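The values are calculated or read from the model by the stated rules, or taken from the named source; none is laboratory data. All values derive from a computational prediction rather than experimental measurement. Note that each Cβ is placed from the backbone with ideal geometry, even for glycine, and that neighbours are counted across all protein chains shown. The accessibility values were calculated without ligands, DNA or RNA, using every heavy atom of the protein model including side chains. Shrake-Rupley method; radii C 1.70, N 1.55, O 1.52, S 1.80 Å.
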Amino acid sequence: MRTALLQSSGRPGSTVENLKVLDEAAGRAAAAGAGLLVAPEMFLTGYAIGDDIARLAEPADGDCADAIAETATRHGLAIAYGYPERAGDAVFNSAQLISADGTRLANYRKTHLFGCFERDHFAPGDQPVVQAELDGLRVGILICYDVEFPENVRAHALAGTDLLIVPTAQMHPFQFVAESMIPVRAFENQMYVAYVNRVGQEGEFEFVGLSTLAGPDGVARTRAGRGEELVLADVDPVLLATSREENPYLKDRRPGLYGSLI
């Protein structure tokens, strides 16, 4: 499945403009043969927008979700995007996957909140593994800081995730996560990882780009630079099956020794 990574901060504070950016990117991705487009963390509204997070938050089935479903259907590809999710009095840092026929396939709430900014504006999610079937692949979702906890990614590996999509807002000086950690996570867990970042200065944060799709062999199939960019790479189920057969990590685990971890 050809996967497109939209590295962009969109237009912080404007869902209308961000829906337009997403629609334009979906058109380019579909024209390039992509079956999935992944946008960054909080792409729908912007990340560093303070109290506007709560003002712009919508339920998972809100108007913007409907608009993105229409975009997905019109261009014939699935779309995953980050957004602030309103659920009663709580706001979650969430990511949603919508299929090419407009069906909402999965919605994930970030479980590990990073820093005071996120803890001040979001409630933490409590479901560690969220998955959906897409074009013969089992797709899982994490958000940014979540992927830096090896337990999270291993839980996905044990649940059979083939492609882990990670909308992110990775900031300076932590670019080593994109450069080094993501390929290692893909290798040690035998999956593809699509890590899709924001770019540029936004409030107090400087986002570093470097979006990447890494394979189960630890090799980056594509890597963006530091500017706004749409990059594409293929998720190959044959290579994935071969790599899992040859790599012994998951087969050689000894869970009985790991009780002290919890």
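Inverting the pair-averaged 1/r between distinct Cα atoms of segment 89-232 gives 15.4 Å as its Kirkwood hydrodynamic radius.
Treating the beta-carbon of each Lys and Arg as +1 and of each Asp and Glu as -1, no other charges, what is the dipole magnitude of segment 11-99 about its Cα centre, to the nearest 20 debye? About 320 debye. Each residue of segment 139-147 was assigned a 3J(HN,Hα) from its phi angle through the Karplus expression (A = 6.51, B = -1.76, C = 1.60, θ = phi - 60°), giving 9, x, 10, 10, 10, 6, 3, 3, 6 Hz with x at Gly and Pro. In a reduced charge model with +1 at each Lys and Arg Cβ and -1 at each Asp and Glu Cβ, the chain shows a dipole moment near 520 debye about its Cα centre.
Note that segment 13-93 shows a convex hull volume over its alpha carbon atoms of 77 Å³ per residue.
Given R0 = 22 Å, the distance between the Cβ atoms of ALA90 and ARG11 translates into a calculated FRET efficiency of 0.30.
Residues GLU70, GLU202, ordered by accessible area of protein heavy atoms at a 1.4 angstrom probe radius and largest first, appear as GLU70, GLU202. Residues ASP162, ASP23, sorted by accessible area with the largest first, give ASP23, ASP162 [1.4 Å probe; ligands and nucleic acids excluded].
Please compute the Cα-Cα pair-distance distribution of the chain with 5 Å bins starting at 0, giving whole percents from short to long. Final binned percentages: 1, 7, 14, 20, 21, 17, 12, 5, 3, 1, 0. When LEU232, LEU134 are compared by accessible area at a 1.4 angstrom probe, the order from most to least is LEU232, LEU134.
When N is the residue count of segment 1-56, what does its C-alpha Rg come to as a fraction of 2.2 N^0.38 Å?
Compactness ratio reported: 1.21.
Between the listed residues GLY140, VAL91, ALA69, the Cα displaced farthest toward the positive end of the dipole of segment 12-157, a dipole computed from Cβ unit charges relative to the Cα centre, is found at GLY140. Annotation: amide H-H contacts under 5 Å for LEU105 (H modelled 1.01 Å from N, sequence separation of 5 or more, or interchain): LEU97, ILE98, SER99.
The H on the amide N of GLY209, modeled in the peptide plane, is under 5 Å from the matching H of ARG198, GLY200, each at least 5 residues off or on a different chain.
Step through the residues of segment 94-105 one at a time and calculate ³J(HN,Hα) from phi using the Karplus curve (6.51 cos²θ - 1.76 cosθ + 1.60, θ = phi - 60°), rounding each to whole Hz and writing x for Gly and Pro. For segment 94-105, the Karplus-derived couplings read 10, 9, 10, 10, 10, 6, 5, 9, x, 7, 6, 8 Hz, x marking Gly and Pro. Put a plus charge on the Cβ of each Lys and Arg, a minus charge on the Cβ of each Asp and Glu, and nothing anywhere else: the dipole of segment 177-262 about its Cα centre is then about 340 debye. A simple spin-label model places pseudo-atoms 7 Å from Cα toward Cβ; at ARG254 and ALA32 they are separated by 4.5 nm.
Report the antiparallel proportion of the DSSP beta bridges in segment 120-262 as a percent, rounded to a multiple of 5.
65 percent
Cα centroid separation, segment 47-125 to segment 190-246: 21 Å.
Between 0 and 90 degrees, the angle of helix 63-75 with respect to the longest Cα principal axis of the chain falls at about 70 degrees. Among beta bridges identified by DSSP and lying wholly in segment 14-150, the antiparallel ones come to about 80 percent. Taken per residue, the accessible surface of the chain reaches 41 Å², heavy atoms only and a 1.4 Å probe. Projecting the Cα positions of ALA106, ILE49, PRO59 onto the charge dipole of segment 37-174 (unit charges on Cβ atoms of Lys, Arg, Asp and Glu, taken about the Cα centre) puts ALA106 furthest along the positive direction.
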